[in-house]
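Okay, structure first, notes after.
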Amino acid sequence: MPMDTGRASQNQQPPLIAHIIYQLGMGGLENGLINLVNHMPPDAYRHAIICLKNSTDFKKRLKRNDVDIYPLDKREGQDFGSFVRLYKLLRQLKPAIVHTRNLATIEYQLPALLAGIKGRVHGEHGWDVFDPDGTNIKYQWLRRCIKPSVHRYIPLSSHLENYLRDKIRVPPDKITRICNGVDTSVFYPPKGARAPLPGCPFLFAKNELMIGTVGRMHGVKDQLTLIKAFIRACERQPALKQTLKLIIIGEGPLRQQAIKLLEEKQLIDLAWLPGERNDVADIMRRLDVFILPSRAEGISNTILEAMATALPVIATAVGGNPELVIDGETGRLTKREDFMAMAEKILDYANNEGLRRRHGQSAYERVLREFSLNAMVNRYQAVYDSL
């Protein structure tokens, strides 16, 4: 089985955890995994990352030099060969624990069971694009069928915890909810005037109002609702075209659709959609308002990162978003796909700098108080230790 990187020493003694994900690319789930691996004490556990598909330059965020990455190169659709390849890899690696994440990887608990892995964990980080609210009966039955193979479930939000308990009928003593933590050494409030960014056409002048989002540009993230809200805000208050700017970071099929919508409304010069970037923290520090228009979410890493940057957050009231954004205190909540309501929230912040600052400061204080990265790592380690 080829490795993406070949670094781990076979002489190390700590138990090995094999983390199974769909792809190691830009995303909240993947960022949470990288944070966990980077900050867990090296003498506690070794780590391997198994990707059903492959990995991208996102792997460069790994700070440890003893983590191997294994791509399974899964074909589109049902690829039974990938189950065989995983089984053989697990027999070779002999991990103490296998940790799958989200619907895309849950079936791979079966090769882990057959390979004799003694500790089996499954994490629920958010909803699948084909099941944005957890109502798909087929996926419920799939999770129920896999349930006997899983020793411990880790949902990130109370919404997902309730789903596992009520819909999948997982016993409460097999569920440990762990909220994401944010690395405040990377994401922190700006310390001076905003400087231009490499490759960005904006000057970040003091009078400019920068709004934006970060995430893969596909259906469930619904950046098109943000585009429509931006257009609506400019139509409602045409003078904003002199100061309002939109930044959307991420790659995916919605990117070209978003660009086309902006071009049709002759607003493309007010927006920057560069695709994927590796300087997200720097970009966050140049925003005034962060917006998450998702149709479904678990616990959003990007919301936590925005809060740690002292940004007010406009988010849809789905999944775990209401657990992070306190409406009227750290940001504002809207219904999903409601671009007109989102536009009104944008206008509220655009016309009230004091409100932006108050909500941003409250968000920052809440992150420091309740979403520590160390607390998250300690809770994951406690689950692994229990197995």
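Of all residues in the range 298-332, those satisfying the criterion of being in a loop (DSSP other than H, G, I, E, B), touching a His at 6+ places or on another chain (Cβ under 9 Å) and closer than 16 Å to Leu226 by Cα are Pro312, Val318.
Take Tyr188 and decide whether it is not assigned by TED's automatic domain parsing to the domain that holds Met307 and not in a loop (DSSP other than H, G, I, E, B). No, not satisfied. Scanning the range 125-136 for residues that are closer than 17 Å to Arg165 by Cα and in contact with a Gly (Cβ under 7 Å, 6 or more places away or on another chain), we see that the one that is modelled with the lowest pLDDT is Trp127.
From the list Ser157, Ser149, the lone residue that is among the small types (Gly, Ala, Ser), in the same structural domain as Asn378 (by TED's automatic domain parsing), in contact with a Lys or Arg (Cβ under 8 Å, 6 or more places away or on another chain) and within 30 Å of Gly116 (Cβ to Cβ) is Ser149. Taking the criterion of being surrounded by fewer than 18 Cβ atoms within 10 Å (Cβ to Cβ) and more than 25 Å from Gln13 (Cβ to Cβ), no residue of the range 88-101 qualifies. A residue that is surrounded by 15 or more Cβ atoms within 10 Å (Cβ to Cβ), part of a loop (DSSP other than H, G, I, E, B), modelled with pLDDT of 95 or more and polar (S, T, N, Q) occurs nowhere in the range 256-276. Quick check, is Ile154 among the aliphatic types (A, V, I, L, M), closer than 19 Å to Leu103 by Cα and in contact (Cβ under 8 Å) with a residue 40 or more places away in the chain? Yes, satisfied. Residues that are at pLDDT below 95, of a type in the set (D, E, K, R) and crowded, with 19+ Cβ neighbours inside 10 Å within the range 1-46 comprise just one, Glu30. The residues on offer are Leu287, Leu292, Leu244, and the sole one that is surrounded by 18 or more Cβ atoms within 10 Å (Cβ to Cβ) and under 15 Å from the mean Cα position of the chain (by Cα) is Leu292. Of all positions in the range 211-223, at least one carries a residue that is under 21 Å from the mean Cα position of the chain (by Cα), surrounded by fewer than 23 Cβ atoms within 10 Å (Cβ to Cβ) and among the aliphatic types (A, V, I, L, M).
You will find that of Gly328, Gly320, Gly298, Gly354, the residue that is surrounded by fewer than 24 Cβ atoms within 10 Å (Cβ to Cβ) and at negative phi is Gly354 and no other. Residues that are buried (at least 19 other Cβ atoms within 10 Å of the Cβ), touching a residue at least 60 places away in the same chain (Cβ under 8 Å), of a type in the set (Lys, Arg) and out of contact with any Ser or Thr (no Cβ under 6 Å at 6 or more places or on another chain): does the range 59-74 have at least one? There is no residue in the range 59-74 that is buried (at least 19 other Cβ atoms within 10 Å of the Cβ), touching a residue at least 60 places away in the same chain (Cβ under 8 Å), of a type in the set (Lys, Arg) and out of contact with any Ser or Thr (no Cβ under 6 Å at 6 or more places or on another chain). If you go through the range 370-384 and keep only what is surrounded by fewer than 14 Cβ atoms within 10 Å (Cβ to Cβ) and of a type in the set (A, V, I, L, M, F, W, C), you end up with Ala375, Ala382.
The values are calculated or read from the model by the stated rules, or taken from the named source; none is laboratory data. As the structure is a prediction and not an experimental result, all values here were calculated from the model. Positions of Cβ are generated from backbone atoms using ideal geometry, with glycine treated the same way; all protein chains shown enter the neighbour counts.
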